[in-house]
Each structure stands twice: as structure tokens, then as C-alpha cells.
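The values are calculated or read from the model by the stated rules, or taken from the named source; none is laboratory data. Predicted, not measured: the structure shown is a model, and the values here were computed from it. Note that each Cβ is placed from the backbone with ideal geometry, even for glycine, and that neighbours are counted across all protein chains shown. All accessible areas refer to the heavy atoms of the entire protein, side chains included, with ligands and DNA or RNA removed. Shrake-Rupley method; radii C 1.70, N 1.55, O 1.52, S 1.80 Å.
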There are 2 protein chains.
Amino acid sequence: MAAFTFNKLVIFGVGLIGGSLARALRERAALSGEIVGEIVGVGRSAKSVERALELRVIDSAASLDDDGALGRALRGADFVLLAAPVAQTGPLLARIAPFLDPASLVTDAGSTKSDVVAAARTALGDRVAQFVPGHPIAGRESSGVDAALPDLYVNRNVVLCPLVENPDEAVERVAAMWRATGAAVHRMNEAQHDRVFAAVSHLPHVLSFALVEQILEAPDAALKFSFAAGGFRDFTRIAASSPEMWRDVCLANRTALLAELDAYTTVLARFRAAIDASDGAALEAAFARSRVARTEWQERGGQKRADDTPAK
Amino acid sequence: MAAFTFNKLVIFGVGLIGGSLARALRERAALSGEIVGEIVGVGRSAKSVERALELRVIDSAASLDDDGALGRALRGADFVLLAAPVAQTGPLLARIAPFLDPASLVTDAGSTKSDVVAAARTALGDRVAQFVPGHPIAGRESSGVDAALPDLYVNRNVVLCPLVENPDEAVERVAAMWRATGAAVHRMNEAQHDRVFAAVSHLPHVLSFALVEQILEAPDAALKFSFAAGGFRDFTRIAASSPEMWRDVCLANRTALLAELDAYTTVLARFRAAIDASDGAALEAAFARSRVARTEWQERGGQKRADDTPAK
């Protein structure tokens, strides 16, 4: 584990993601005898930051609507994390910009990156060099600060999408913060990021929502649901995800998602043709390829994989 | 639990499904002090029936290729269960027919029913009245007799698709056998059965195989797999299923599956149009409907539901 210290971290959105970062830095540092700096929470609702204070996830709170409080919160911050829904990245950065300390590093936790980068360039102008886009690949079914865990990021991946404007040291400092939570840090550009997550995360969510929608529309929906078993359960677990969040992801990553959706539709049309032609050999060959790939993925550690960028 | 007794049960295919029925009848009956009859296993490979004998899942074994042994096995059997892949239903019934005792009841465990009914009519002719088509909705990731469990069917659903030729008592006897394993028994016709399972089981398998296939075909497949996380894991768990079994299911339930696949493609095209038009309201409304339906399904007991036909 890298030794990692900071003076002040300001978290916009102290829910599952932001709260888990705060708990990880504080509680994991305590285990190794390190002392961490002040953690300030800024929230849209007074209730969520109050709850975070109550749980001692943050040391102090500031309201987004109070210029004075916001200015004091941001003064001297070495790190600022945006952990609000991606659609709020632009408005939040515009709100922060007038108070942003030139020495602060800003990063985010959004599931999409091209839109976040575009919003940051607009909101920050030349100061976009202070913004290092990021995406921790971690989550839980429950949300909110009560669901925050100190070990949410242990052995998980965090992707950083550095901008050409980012000084190397800035990227390295943000990477060190995430490594201190137990995560493995990877770098790719934002287009690559959005393509990868369109394929392995955003598309499966859309496909899962679509299956439930289709069954709902059937005249015998109740009968169908009543006989749905284990395959349906796993396939549609993600169809119980937040509609707002996934609406935003679909819109924010529209281009990459449409490309993946079209590629998927092409594969599905080929499967349809094989079923229609009773071409058992083609179906079996395709299913066997999938089985091998899925089994090997699982054996490589599945989502637990975090071994290719070891924490120093 | 209904008291259930039998003299002789002959199981064709002593794997997970057939072996679990044998273990359930024997071990659950032992708990309630009942004595069950003889259980005979018939297998394609000598190895699998030998293993079943070794594990004491069956009392004796017969080879499918030996007329004398097959005749002795079937003589005086009150129940015959076919628990082999659905594509073998026709050949198996044709092989059994010359030796079938007029007092025996035959049932099966196939995932599709229209094709099984057609095969049974061809193979058995007038004696199809002895054949009560069935489908236990249960399974495990592992297969073979070593994976068989005495409680595999507890609180699971079993669907029977009685034929017009079946005497009521025949259907009731087969239902009683399944209830003795702890399952809840439901009845529907074979077309209804195939529509329901095309939607909630067969289609999700095809969709899951297709996602893995699509990622495999991408030039950046390795990168995509390496960042696949929890959503991908659950969505594609069923893409590690048996290619042979799912090839057979796709072909056997071709008509219903194509209808569901086309309905799904229509929903997906609507989602695509909403994403393309950045119609957030339409996406959010659809996702919200799915979330509610999926959450309610889970709260009703998900796949554990077995309360509408309580065992007597």
C-alpha cells in the first residue's frame, strides 16, 4: 500500500461512492497508523450531509447554495471528488470554479467519461488541467451514505482517463489516493473507456431492462413472471437498478452505446437466422465459444481481477 | 406432504434431474418412515449408471442396448421417467415401446413440451395415454449424478402438460410423485408452457450467449473482458450453460422462441430510438416500469415461489 496523506478532501455527493472513499481513507489509514486530513462533505440535501456527519464519515459539511461556506470548504483543499450523478458534472464544476484553489486536484467518479470531459472543459476552461477524470468500478445494490463501506474499493479497478493538460504528478496523486483505498488503478482514454463500459455494463443494463419490459407487455405476463426461475433472476438483477442513473448513462454515453447495441443486434440476427434454419451446428458452436470465454473470465477472477497494476 | 408409494420406478438418464428424483423419493420417504419401491436406472453409458449404483441412488441398472435387460427393467414398473436431453425423447420412447407394461405411467423432465408431445405421439401411438408430459423447474450449475440432491425439488415448481388422452388418475399419480419430492405441481397445455419458458428462460439464455459472442468478436475483446464487473457477471452466468442442451432447446422450441425473440427485438428497437433521440423521459419511464416489476417479482419470492399449489 502506498503511503498516502492529504490535508483536505472535499466530497460533492456523500453517498455510497463518496462515503466509501471517505471511510476507506480514514479507516484504512487508521489501521496503518497514518493520520488523514480533514474530510468535508457537500450535498444537495442538508439531510444527506447531516447523516454523513452523524455517521462520522465526514468531519464537516457545507451547503452548495452558500457561497461563503462553499468558499471556505474549497480553500486549501488538495482533493475534490465529484460523486454525484454524471449529468450534474457540468453544473457542479461551474459552481465550484470561482472558488477553486489553484493547488486543488479535482476528480470524479462518473460511469461515463467523454461527456464528463466535455463538461469539464466548458466549465473550467484553462483550469481543466486541475481535473483528472476517473471511474471507480465498484458498487452495491443499496445506495446512500448508510451503505458506504471502508472496503468497497479493495481489489476493485479504478480507471483514470488523464487529459493531455494534466501534469503527470496530478494524475499520479489521484492514482495514489485510489490505491490507498485498496483499488488497482488503470489508465485509458475517455473514448476507449466509454466503448469498454458501453459493452460490458451499459448494454447489459439496457438488455436486461428490455427483457422485463417485453414480459410486462405480454398478455400472459403474470403467468410468465410466476414461472421465472434462476436464469431470469440473474439475468434481470440489474433491471432493478436506478432508472434515473441509467437514463443518464444512456444519454451520456449515447454514441458508444448505440454502436454496441447495433453490434449486438447483428449478432442476435445471426442467432435468429440459425434458429429459424434449425442450424444446430452454428448454434452449438457459438454457444460453446461463449461458454469457454465466460468460464475463462470467471477463472481469471471475474470481477475480482485487480492484479495487473499492483499497488506500490 | 402426500403419502406416496410405488413398486418400481425406472429412470432413463440418471444425472442431476433423474438422480435427484431418486434421492428425493428414497431419502424423504425414509424420514417419514415410508418404504419406497425399487429404483432402476437405465443409461447410455455404463459409467454413469455404475456411478449411480455406487452412490446407491439406484438399486439396479440396465443397459439400453440389451433387449432382455430392458424388458426385465420395464416389467411391472409403475413409473418411467425420461430424464435425458429432449432430442432423445422420440428415440427413447420408440426403444421403450415394445417393452412397455400397459400399467406403467411414463413422464419426462424436458424443458420443452410441444416437441416432446409430438415425439411421444409418433413413438407410442395409441399408448400415448400412458405418457404424461412434465417439466420440473429446477437445476444446478453442475450436472451428473454426483450433483444430484434429495432436496433439489423442494419448493420448486413442476409443470405437467396433460394430454387429452391421459386419464385423470394418471395425471394425479404423476403429480403425487412430484409432490412427494417437495415440489408444487401446476398444469398448463404444451403451447402455453413453451411460450412461458421461451420468454423467461430460453430467450434470456440466447441473449446472454449473444452478449459474450459480441464481446468476443470485438477487436478490443480482452480489454472489455478485463473490466467486466458484477453486472456482466450476473447477466452472463447462464452463458456458461451447456451448448448441447441449449442448442436442443432452441431447435425444439423454435417457433415460440422466434416469436419471443421478435417481440424482444421490437422492444430493443424502441429503446434504441429513445437513446438515439436522447428521449430521457421515455427511457426513465421504461426503466422504472422494469424496476418495479423486477422488485415485486423478487418480493413475491422470486424463483422460490411455490405457494399456489400447496402440497397436501
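Ordering A:Arg289, A:Arg75 from largest to smallest accessible area (1.4 angstrom probe), what's the sequence?
Largest accessible area first, the list is A:Arg75, A:Arg289.
Determine the order of B:Asp59, B:Asp248 by accessible area, beginning with the largest, at a probe radius of 1.4 Å.
Sorted by accessible area, descending: B:Asp59, B:Asp248.
Pull up all non-local amide H partners of A:Phe131: gap of 5 or more, or a different chain, and H-to-H distance under 5 Å with H placed in the peptide plane.
A:Val106
Amide H of B:Val158: which non-local residues (sequence gap of 5 or more, or other chain) have their own amide H closer than 5 Å, using H built in the peptide plane?
Long-range HN contacts for B:Val158: B:Ile137, B:Ala184, B:Val185, B:His186.
Using the Karplus curve 6.51 cos²θ - 1.76 cosθ + 1.60 with θ = phi - 60°, what ³J(HN,Hα) values do you get for each residue of the range B:7-19, in whole Hz, with x for Gly and Pro?
The phi angles translate into 8, 8, 10, 10, 10, 8, x, 9, x, 4, 6, x, x Hz.
Keeping all protein chains in the complex and leaving out DNA, RNA and ligands, what accessible area do you get for B:Arg291 with a 1.4 Å probe, in Å² to the nearest 10?
90 Å²
Check the axis relating chain B to chain A and name the residue of B whose C-beta is nearest, distance in whole Å.
Residue with the nearest Cβ, plus whole-Å distance, for chain B: B:Asp234, 2.
Taking each label point as 7 Å beyond Cα in the direction of the beta carbon, state the distances from B:Asp262 to the same residue in the other copies, shortest first, in nm.
Nearest to farthest, the other copies are at 2.5 nm.
Once the principal axes of the Cα atoms of the range B:194-290 are found, what is the range along each, listed largest first in whole angstroms?
Per principal axis, max minus min of the Cα coordinates gives 40, 35, 22 Å.
Buried accessible area for the B:A pair, summed, 1.4 Å probe, in Å² rounded to 100?
For chain B against chain A, roughly 8300 Å² becomes buried.
From the square roots a ≥ b ≥ c of the eigenvalues of the alpha-carbon gyration tensor of chain A, which class results: rounded (a/c under 1.5), prolate (a/b over b/c), or oblate?
Since a/c reaches 1.5 and a/b is larger than b/c, the shape of chain A is classed as prolate.
From the label point of A:Gly68, set 7 Å along Cα to the beta carbon, how far off in nm is each other copy's matching point, shortest first?
10.4
Measure off, as a whole percent, the carbon and sulfur share of the 1.4 Å-probe accessible area of the protein assembly as shown, all protein chains present.
Taking all protein chains in place, the protein assembly as shown shows 53 percent carbon and sulfur surface.
What ranking of A:Thr236, B:Thr255 comes out by heavy-atom accessible area, probe 1.4 Å, highest first?
Listed by decreasing accessible area, they come as B:Thr255, A:Thr236.
After finding the eigenvalues of the alpha carbon gyration tensor for the protein assembly as shown, what semi-axes result from the square roots of 5 times each, listed largest first in whole Å?
56, 24, 21
Quote the Stokes-Einstein diffusion coefficient, in whole µm² s⁻¹, for the range B:16-79, based on the Kirkwood radius over alpha carbon pairs, a temperature of 10 °C and a viscosity of 1.306 mPa s.
Calculated translational D: 129 µm²/s.
Based on the inverse mean of 1/r over its pairs of different Cα atoms, what is the Kirkwood hydrodynamic radius of the range A:8-188, in Å?
16.0 Å
Whole-Hz ³J(HN,Hα) for each residue in the range A:264-271, computed from phi via Karplus 6.51 cos²θ - 1.76 cosθ + 1.60 with θ = phi - 60°, x for glycine and proline: what do you get?
For the range A:264-271, the Karplus-derived couplings read 5, 4, 5, 4, 5, 5, 5, 4 Hz, x marking Gly and Pro.
Can you list, shortest first in nanometers, how far B:Glu54 lies from the same residue in the other copies, with each label 7 Å from Cα toward Cβ?
Between copies, matching label points for B:Glu54 lie 6.1 nm apart.
Using helices alone, I'd like the mean residue ellipticity at 222 nm for chain B: each DSSP H run of four-plus residues gives -39500 (n - 2.57), total over residue count, nearest 500.
It lands at -14000 deg cm²/dmol.
Once phi is turned into θ = phi - 60°, what whole-Hz ³J(HN,Hα) does the Karplus curve with 6.51, -1.76 and 1.60 give for every residue of the range B:111-120, x standing for Gly and Pro?
6, 10, 10, 4, 5, 5, 5, 4, 5, 5
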